[in-house]
Ligand code: GAR
């Protein structure tokens, strides 16, 4: 049976779109996206879910009032959905050890750098690319990893390098890293993990 995938998002959702496109193209035969959860009610990712007939849920940390209540609500929705695998695809909230320990090797995240560079708390979205450009590295990339209690510290599943080019801005670099690495790696890793869960 296909593993049920819940994708957690906060923003534009281009990685969610890459997952949807891969599933539609038959590239995730061992999994199906069965739920999208956003902490942000205005995330365009929710619209992508709707357009593709995938149930969406909004769970706002602010409305929950505490990290604990926020995570309890996410847990309840995931359980109700029968989730097997959680994919963090541009989900800009850190999950506590209490939450991640309930899902050992069942949460994966895409991060827009070659971990262990430019990662951990405070490194998200464009900030990651700005830090890479400020440092002056010539190669960056993306990483897909399992999620544990250490932000961006779980076991690495896949990485892909991307060259920095003359004149790059954080925005230009972000787009290249997405196109050349994230949108390719994340669906591949999702399939790999779903397939391995059958063993
Ligand atoms: C992506 O680049 C993703 O790797 C990054 O945010 C962007 C979300 O874009 N995630 C992080 O920085 C997490 N630490 P998307 O909403 O279009 O997929």
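The values are calculated or read from the model by the stated rules, or taken from the named source; none is laboratory data. Everything quoted here is computed from the prediction, not taken from an experiment. In this analysis, Cβ positions are derived from the backbone assuming ideal geometry, glycine residues included, and neighbour counts consider all displayed protein chains.
Each row is one residue, and each column tells you yes or no for (1) away from the ligand (no atom under 16 Å from the Cβ); (2) modelled with pLDDT of 95 or more; (3) surrounded by 21 or more Cβ atoms within 10 Å (Cβ to Cβ); (4) within 16 Å of the chain's Cα centre (by Cα).
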{"site": "34", "(1), (2), (3), (4)": "yes, yes, no, yes"}
{"site": "49", "(1), (2), (3), (4)": "no, yes, yes, yes"}
{"site": "52", "(1), (2), (3), (4)": "no, yes, no, no"}
{"site": "77", "(1), (2), (3), (4)": "yes, yes, no, no"}
{"site": "80", "(1), (2), (3), (4)": "yes, yes, no, no"}
Q | Matching residues, the range 129-142, being assigned to a helix (DSSP H, G or I) and touching a residue at least 40 places away in the same chain (Cβ under 8 Å) | A | 129, 130, 132, 133
Q.
Go through (1) more than 17 Å from residue 182 (Cα to Cα); (2) crowded, with 19+ Cβ neighbours inside 10 Å; (3) within 16 Å of the ligand (Cβ to nearest atom) for residue 18 and report which single condition fails.
A. (1)
Q) Which one of the conditions (1) more than 15 Å from the ligand (Cβ to nearest atom); (2) free of Cβ contacts under 8 Å to residues at least 12 places away in the same chain does residue 195 fail to meet, given that it meets all the rest? A) (2)
Q: Determine whether residue 46 is farther than 24 Å from residue 149 by Cα and out of contact with any helix residue (DSSP H, G or I) (no Cβ under 9 Å at 6 or more places or on another chain).
A: yes
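Out of all the residues in the range 150-158, is one or more at negative phi, within 10 Å of the ligand (Cβ to nearest atom) and crowded, with 21+ Cβ neighbours inside 10 Å?
Within the range 150-158 (the criterion being at negative phi, within 10 Å of the ligand (Cβ to nearest atom) and crowded, with 21+ Cβ neighbours inside 10 Å), the answer is no, since none of the residues qualifies.
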Q. What number goes with the only condition from (1) loosely packed, with under 15 Cβ neighbours inside 10 Å; (2) in contact with a helix residue (DSSP H, G or I) (Cβ under 9 Å, 6 or more places away or on another chain); (3) farther than 19 Å from residue 155 by Cβ that residue 73 does not pass?
A. (1)
(Q) Looking only at residues that are outside any loop (DSSP other than H, G, I, E, B) and touching a strand residue (DSSP E or B) at 6+ places or on another chain (Cβ under 6 Å) in the range 108-128, which one is farthest from the ligand (Cβ to nearest atom)? (A) 108
Q) Mind checking which pairs have a first residue in the range 90-110 that is free of Cβ contacts under 8 Å to residues at least 60 places away in the same chain and a second that is in a loop (DSSP other than H, G, I, E, B) and near the ligand (Cβ under 9 Å from one of its atoms), Cβ under 8 Å, 6 or more apart or different chains? A) 94/151; 109/91; 109/152
